[in-house]
Every structure is written in structure tokens, then in C-alpha cells.
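The values are calculated or read from the model by the stated rules, or taken from the named source; none is laboratory data. Note that the structure is a prediction, hence the values are computed from the model and not measured. For neighbour counting, all protein chains shown are included, and Cβ atoms are generated from backbone atoms with ideal geometry for every residue, glycine included.
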Amino acid sequence: MNNSSAEEVLKDVFGFDAFRGKQKQIIEHIISGENVLAVMPTGAGKSLCFQLPGLMMDGLTIVVSPLISLMQNQVEALKIAGVAAETINSNTGPDEGREIWRKINDGTLKFLYVSPEKLMTEQMLDRVDELNVSLFAIDEAHCISQWGAAFRPEYEDLALLHRRYPNIPIIALTATADKGTREQICEKIFSDNVKTYLTGFDRPNIALNVEIKAGWKKQLLKFMKDRPGNENGIVYCLSRKKTEEATAILMESGYNALPYHAGMTGNDRERNLNKFMTEPDLIMVATIAFGMGIDKPDIRFVFHTDLPSSPEAYYQEIGRAGRDGDASIAHMLYGLDDIRMRRMFIDNEQSDDGHKRRGHQRLNALLSYAEAPECRRVTLLRYFGDDPEYEKCGNCDLCQNPRETVDAVEAGQKFISAIYRTGQSFGVAHIVNIVTGKMTDKISQLNHDMLPTFGVGKEYSINEWKVIARQLMARGFIVSDMEYGSLKITDEGFDLLRGNGEFRYRPDVSYKKSATSSNKKSAQVVQELPSEDQDLYLKLKSLRKEIAAERSVPAYIIFSDKSLIDMAVQKPTSYDDFGGVYGVGAEKQKKFAKQFTEFIAENLV
Ligand code: ADP
Ligand code: ZN
């Protein structure tokens with residue numbers, strides 16, 4: 001066992017001063033030889049929970065991970081921090097493989113990253129039997145659950161691990177919170193012999209905004225214009241075509257954007273992904289095909305041009321922002337068509353009724369979030385089973401720009417009644433025309449001006465009625481027929497019509513105000529730098545870019561933005577001072593002190 005304390009290793013290898021959240025408890029638990037399931041949101045610092053005890057224990061730590069890109073990234077980051085780590089996967093050549101095995105056999109390797117299918121071969125396990133293994137870490141452990149969308153049959157074999165090696169502790173890690181998935185992990189990987197650490201799901205540094213869709217291209221460009229410029233971001237689109245369009249308009253406006261979708265060749269996709277991972281200040285415009293394994297820490301925004309499928313998908317997608325803990329922003333557009341589209345996707349799925357029902361329930365939960373009466377974060381966290389200590393987070397559009405909701409049962413009844421009286425065969429526009437008493441050709445042809453509901457809703461404008469329709473839909477009182485868009489009344493809708501049920505209407509929040517204040521927050525760290533430090537910061541960024549290119553690793557693996565900001569403030573010009581910078585451990589001090597301190601000294605004069 002390494003004689004340094006966990007705190008010493010944290011400072012020495014990773015350059016951090018303190019543990020975050022439950023890292024310390026988890027690490028102590030593993031070192032005492034016990035199993036752990038760590039459930040933490042993306043960006044909370046899961047990797048450290050097995051990397052640090054792995055470093056403190058004598059033998060080899062075997063890390064199971066589902067994606068080659070994930071493994072490579074972590075291995076590179078460890079190597080730069082001076083830790084002996086390797087990955088064996090389908091890209092490993094025979095010579096390279098022999099070299100890695102030499103290091104494993106002579107005990108110099110500390111971390112071996114492998115895929116589950118590789119590890120669980122009889123040949124591999126026979127070799128593992130002979131090794132001094134101190135820990136197994138199973139990353140993305142939710143892949144073992146058939147419930148989730150990320151199910152990987154190869155993960156099922158990992159159930160054999162604790163039986164074959166009852167004396168080696170196992171840590172499983174995931175960001176997926178739901179109870180069913182957790183139970184499956186505990187049962188399969190540990191036969192329930194495990195201590196679970198669940199950290200709160202709150203990601204307070206991500207500002208949450210939802211904006212009603214009204215010309216997405218214009219809205220996307222407006223959002224970008226309000227940003228400080230030059231930063232990493234992800235724009236999610238529902239279709240390939242839209243992905244291409246969004247990329248094009250961003251490029252035309254001078255942003256550095258790349259597309260990523262299933263219609264591209266594997267090579268093109270990989271090239272764009274590599275660029276995104278290695279080059280700074282890039283916007284990835286992607287369908288959801290892009291996602292798992294993106295652990296770039298300094299993504300500043302995630303922009304959804306369309307509604308995702310569920311709160312789980314949404315939270316995972318926005319969770320890719322702000323892993324470094326700095327202010328970031330999640331901005332989602334959504335409108336009536338999104339609801340219709342999503343319902344259609346679920347109904348068209350090749351799956352049983354139970355699955356479809358759960359799909360609709362999840363969608364409903366996401367719609368309640370989109371139409372939340374107050375604090376979005378509280379709504380979202382409660383859905384995930386967290387019980388936040390506050391009523392208002394102060395960092396969502398509804399907290400920053402609160403709107404009263406008004407009792408609107410009567411308005412709801414008028415609208416539903418108009419749907420009912422026209423045989424549930426017309427879409428939103430026509431029903432809105434009826435209740436506002438607007439004479440159109442269609443209305444006069446069908447004699448709908450003779451209906452008792454014609455013109456009964458003049459207290460609201462046409463636009464306000466559209467909002468009411470959307471909110472009635474979001475809360476499940478009405479649904480829109482997938483083929484023709486005609487509105488149908490649900491059981492709840494009939495209840496409301498009969499006077500049983502509540503419906504509150506929230507006028508659309510004007511988005512402008514919250515956008516500016518969050519943006520300020522997001523750029524704060526850099527804006528707080530005096531202008532001469534700004535300069536230095538930008539120069540340090542370009543130095544980092546050069547070094548990263550020379551070593552062909554992502555820029556953030558050299559240093560995070562946070563480290564560069566700290567450097568720009570502290571301006572270390574000696575070896576020792578350099579060691580005090582955020583994120584500089586002993587090895588990075590050795591590797592980079594000279595280059596950076598000389599660079600800083602030159603740029604001070
Ligand atoms: P996760 O796997 O949970 O999504 P990571 O392990 O990638 O998160 O960690 C996210 C970021 O937080 C990384 O940049 C990591 O270096 C940083 N980090 C982790 N633990 C600490 C800590 N105790 N202090 C400062 N930064 C930390
Ligand atoms: Zn809030």
C-alpha cells in the first residue's frame with residue numbers, strides 16, 4: 001500500500017486541493033476492501049473514485065468501459081499525469097499488446113482499460129487469475145440493465161466477476177439514477193453485497209432555459225449572438241437534414257461548427273468527433289447518435305432545437321455541459337409540433353404496449369418540465385427522486401423571470417368544448433379561430449359560426465389561445481392525432497369539461513431577460529479577469545493548443561480552462577509557483593513548468 005494519504009495523492013497526482021461530494025467516503029470504502037456502487041451525475045468526478053484508490057493500492061486496477069474513445073481519453077489523461085495506464089481493445093496491434101502484457105506481468109502497470117467482452121473471455125480471465133489485481137472498476141454500469149436504452153448484452157457476463165474473484169473489491173459507476181436500473185446493477189454485479197453511494201443530481205452550474213419555438217434558426221443565431229463567443233458547445237437536432245441546416249447557418253455566421261449524424265460515413269463521423277475532442281472552440285451539431293463518452297470538461301452550452309424523448313435523455317444530454325463546474329447553459333426550444341412528433345415516434349416503435357405506455361409517461365414528465373409553473377430545476381430534481389433544499393434555484397428562466405400562473409379551468413373548458421362540438425376532427429388553428437370568433441372561409445362553409453362556443457374566448461388573443469392549447473396538450477387533457485393533427489379529448493380532458501380537475505395557464509415567458517443574465521454568469525470567470533490577464537489567458541490557450549497538437553491529445557488533457565485562468569491570475573514564473581496552480585500535479589509540474597513559466601515571463605514584459 002502506498003504510504004501517502006488520499007489527500008496527498010489527490011494533490012500530487014491530480015493537482016486538486018479537496019475532494020468533492022462523497023469521493024472521500026467512496027475511496028475509503030474501497031480501500032477497506034468493500035464493494036461500492038457510485039451513482040453520481042455526469043461531471044461529478046466519478047473517475048477519481050477508482051483512480052485514486054487504484055493508485056493507493058499495490059496491484060493492478062482493471063477498468064471496464066464500453067467505448068474505445070472513453071478508454072483512450074482516460075488513459076491519455078492518466079499518462080500525462082504520470083500514471084502507468086494502458087488500454088487493450090480491438091485497435092491494439094500485436095506488438096503493442098505484447099508490450100502492454102510485459103508491463104502487466106512485471107507489475108509496473110497500474111491501470112488497464114478493457115471492454116467487457118475482452119475481459120470476460122476465458123483466455124483473459126485465466127491470465128487475470130495469475131495477476132495481483134487490487135480493484136475492478138465497472139464504468140457506465142447501467143449498460144447492464146435491460147430497462148435502459150443503453151443496454152449492452154456484453155455487460156451481462158460481468159455478473160461472473162464477483163463470483164470468480166470474491167476477494168477483490170468492485171466499484172460500479174453510473175450517472176443513471178432510476179431505481180430499477182440501480183437494483184439491477186446491485187443484483188447482477190454484486191449479488192446485492194454492495195454499499196450504494198448516491199449523490200444528489202443537482203448540477204447547479206448549468207442554467208436551465210426553455211423557449212417556445214418560433215423560428216428555430218433565428219432563435220439559434222440569437223442565442224449564439226448573446227454568448228461571449230469562442231467556446232465549445234453542442235447543438236442537438238432531431239433529424240439529419242436539420243443537423244446539416246444548422247451547421248450551415250452557424251458556419252455562414254462565422255462559427256466553427258461540424259455536423260454529426262447517422263447518415264455520415266463512419267470515417268467522417270470519427271473525424272468530426274476527433275476534432276471536437278481535440279480542438280478548442282468548436283460547436284458540434286448532432287443528432288442524438290452523438291453523445292455517450294463525450295467527457296470534454298469545458299462544453300459551455302447545449303442547445304436543443306427540438307424536444308428530447310424523456311427527462312432522462314434530456315438530463316444526460318445537457319449533463320455534457322459544464323463538467324468543469326463552471327457556469328454553462330442548457331437551452332431548449334419546444335413547440336406543439338414537437339409533442340406531436342414525439343408521440344408519433346413512440347406509437348410507431350416496434351415494442352409492446354407496456355413499453356409504449358412508459359414512453360408516453362416519460363414524455364409527459366418532460367412536458368411538465370417544459371411547462372413547469374415555477375423553478376425548472378426543482379421540477380426536474382423531484383422527478384429524479386431528489387428532494388432539493390430550496391424552492392427556487394435562481395438559475396433557470398422561471399426563477400429569473402417569474403410569471404404568475406392563472407386559474408384557467410374555464411378557458412380550458414371552452415377550448416375542449418369547441419373540440420367536442422366539432423367532432424374531434426380539427427386541428428389547433430381551426431379551434432382557436434372558433435373560440436376567438438374569427439370568420440374564415442372554412443368556418444363559414446362548415447357553419448361553425450353557429451356553434452355556441454363560437455367567439456366565447458375573446459378575452460385571450462389568438463396567440464394566447466395557442467399557448468393554452470399547448471399547455472392543455474402538455475398536461476394531457478387533449479392529444480393531437482398523429483396523422484392529421486386533429487385534436488382529441490382524453491379522459492382527463494372530459495373530466496375537466498365536467499368540472500373535475502385543475503388547469504392553470506402560464507403566459508409564455510419572454511425569454512430575453514434571463515438569457516442576458518445567465519450569459520453574463522457563464523462568461524463571468526473570464527470577464528472577471530482584468531484586460532491584461534485576458535490577453536495572457538488567450539495566449540495561454542494558444543500555447544496549450546500547440547502543445548496538445550504536438551502530442552496529439554485533446555487540449556483539455558493538457559490543462560483545463562480553469563487551470564489556464566488560474567495561471568493567468570497567478571502568473572507563476574518559477575517551478576514552485578507553477579505547482580500551486582489549480583490542476584497541476586507533480587508530473588504536470590515536471591512536464592510543463594518550464595514551458596509555461598518561461599512563456600508567462602516572456603509575456604509579462
Ligand atoms: P464523471 O465521470 O463523473 O462525469 P469526471 O470524472 O470526468 O466526471 O470528472 C469531471 C471533472 O471534474 C474532471 O475534469 C475532473 O478532473 C474534475 N474533478 C474530479 N474530482 C475533482 C476534485 N476533487 N477537485 C477538482 N476537480 C475534480
Ligand atoms: Zn429555478
Which pairs have Cβ atoms under 7 Å, sit 6 or more apart or on different chains, and link a residue in the range 246-270 that is farther than 14 Å from residue 222 by Cα to one that is aromatic (Phe, Trp, Tyr) and in a helix (DSSP H, G or I)?
258/276
I'd like to know if the range 343-359 contains one or more residues that are within 14 Å of ligand 2 (Cβ to nearest atom), of a type in the set (A, V, I, L, M) and within 22 Å of residue 213 (Cβ to Cβ).
no
Candidates 385, 359, 394, filtered to the one that is assigned by TED's automatic domain parsing to the domain that holds residue 322 and either within 19 Å of the chain's Cα centre (by Cα) or touching a residue at least 12 places away in the same chain (Cβ under 8 Å) (or both):
385
For the range 320-333, indicate whether the set of residues that are modelled with pLDDT of 90 or more, within 16 Å of ligand 1 (Cβ to nearest atom) and of a type in the set (Ser, Thr, Tyr) is non-empty.
yes
Could you list, in sequence order, all residues of the range 197-220 that are touching a residue at least 24 places away in the same chain (Cβ under 8 Å), surrounded by fewer than 16 Cβ atoms within 10 Å (Cβ to Cβ) and away from ligand 2 (no atom under 16 Å from the Cβ)?
198, 214, 217
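Mind checking whether some residue in the range 28-35 is over 24 Å from residue 590 (Cβ atoms) and within 13 Å of ligand 1 (Cβ to nearest atom)?
From the range 28-35, those over 24 Å from residue 590 (Cβ atoms) are 28-35; that's our starting set.
Now narrow it down to the ones that are within 13 Å of ligand 1 (Cβ to nearest atom): none.
No: the range 28-35 contains no residue that is over 24 Å from residue 590 (Cβ atoms) and within 13 Å of ligand 1 (Cβ to nearest atom).
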Filter the range 392-417 for residues that are farther than 13 Å from residue 372 by Cα, within 14 Å of ligand 2 (Cβ to nearest atom) and surrounded by fewer than 16 Cβ atoms within 10 Å (Cβ to Cβ) and give the result.
394
Need the failing condition index for residue 382 against (1) farther than 25 Å from residue 405 by Cα; (2) within 16 Å of ligand 2 (Cβ to nearest atom), just the number.
(1)
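Does the range 77-94 contain at least one residue that is small (Gly, Ala, Ser), in the same structural domain as residue 151 (by TED's automatic domain parsing), surrounded by fewer than 20 Cβ atoms within 10 Å (Cβ to Cβ) and touching a strand residue (DSSP E or B) at 6+ places or on another chain (Cβ under 6 Å)?
Within the range 77-94, not a single residue is small (Gly, Ala, Ser), in the same structural domain as residue 151 (by TED's automatic domain parsing), surrounded by fewer than 20 Cβ atoms within 10 Å (Cβ to Cβ) and touching a strand residue (DSSP E or B) at 6+ places or on another chain (Cβ under 6 Å).
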Of all helices (runs of 4 or more DSSP H) completely enclosed by the range 494-598, which ones contain at least 3 residues that are β-branched (Val, Ile, Thr) and either outside the structural domain of residue 14 (by TED's automatic domain parsing) or modelled with pLDDT of 90 or more (or both)?
512-527
Quick one: is residue 155 of a type outside the set (D, E, K, R) and assigned to a helix (DSSP H, G or I)?
yes
Among the residues of the range 415-433, the number that are in contact (Cβ under 8 Å) with a residue 12 or more places away in the chain, more than 14 Å from residue 464 (Cα to Cα) and not hydroxyl-bearing (Ser, Thr, Tyr) is 8
Of the residues in the range 348-368, those that are loosely packed, with under 12 Cβ neighbours inside 10 Å and under 20 Å from residue 486 (Cβ atoms) come to 348
Filter result (among the hydrophobic types (A, V, I, L, M, F, W, C), closer than 30 Å to residue 474 by Cα and at pLDDT below 90) within the range 183-211:
201
